[in-house]
Structure formats: structure tokens, C-alpha cells
Amino acid sequence: MNVDQQHQPHVEDEPLYAWSTFQLCGGVEGSGPSGTCRAERTARACLEAALQATAAHSGAYSWGQLSRVSADVDQPFHLWARDPVAWAEPGPRKTVTWRPGAAPHPQ
């Protein structure tokens, strides 16, 4: 989902924000929705929406990672260099809790 890039071309040196969601259920880790946005605020909103949707329809533990990325058109998205900004997990009453840095690997 590239929400705020749909109508504006990307400038090569401009940072992007990548967001990805993950789930852990029964000892098996999986990935969920992900995307890139030009603005950090937009990426956070997309990640929060994805986490809230996942939490509402799953018994799995879910979390998400927000990173600053440098786009490299010669490589696939999952190989782009990433600088973790924050990670998030669903909280009580449809809230999302944010923490700085990279998400710890769940056990």
C-alpha cells in the first residue's frame, strides 16, 4: 500500500517510510500487510490500521515495524536498507502502543 505516493513521483534521495506487520500464532511467525509512504505520519496511520484490523480478527500476537528506508529500484522491496524508527503492538480498547527502535524478536 503506497498511500501517499500514488500521485507524486518519488525523488531518489528522498527518504521513505516502510511499515510491516507480523503475527505469531502457535509458535509460527508470519507476515501481514506492509507498504511504503513518503510521510512518517501516514506510515504510522497505515500501520496502526493494519494492526487494529489484524487484532480484531485473529487470536495471534501481532506487532509492526516502522523504518526509514532508502529506495533502491534495482532491488526488491524486502532488500532495501532499513533504519528502524519505532515498533508498535495492539493495546487495550483498540489502541496501539508505540516504542522507539527495532521490535524485539518474539519468543
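The values are calculated or read from the model by the stated rules, or taken from the named source; none is laboratory data. Keep in mind the model is a prediction, meaning the values are calculated, not measured. All Cβ positions, glycine included, derive from the backbone under ideal geometry; neighbour counts span all protein chains shown. Accessible surface areas use protein heavy atoms only, side chains included; no ligands, DNA or RNA. Shrake-Rupley method; radii C 1.70, N 1.55, O 1.52, S 1.80 Å.
Values computed for the structure shown
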quantity	calculated
Residue check, ALA103 hydrophobic (A, V, I, L, M, F, W, C) and at pLDDT 90 or above	yes
Counted residues, region 24-49 - those being open to solvent by less than 60 Å² (accessible area, probe 1.4 Å), more than 12 Å from the chain's Cα centre (by Cα) and at pLDDT below 95	3
Single residue of region 57-85 satisfying the filter (within 23 Å of VAL28 (Cβ to Cβ) and without any contact (Cβ under 8 Å) to a residue 12 or more places away in the chain) that is most open to solvent (accessible area, probe 1.4 Å)	HIS57
Residue in region 86-103 that is in contact with a Lys or Arg (Cβ under 6 Å, 6 or more places away or on another chain), open to solvent by less than 30 Å² (accessible area, probe 1.4 Å) and not small (Gly, Ala, Ser) present	yes
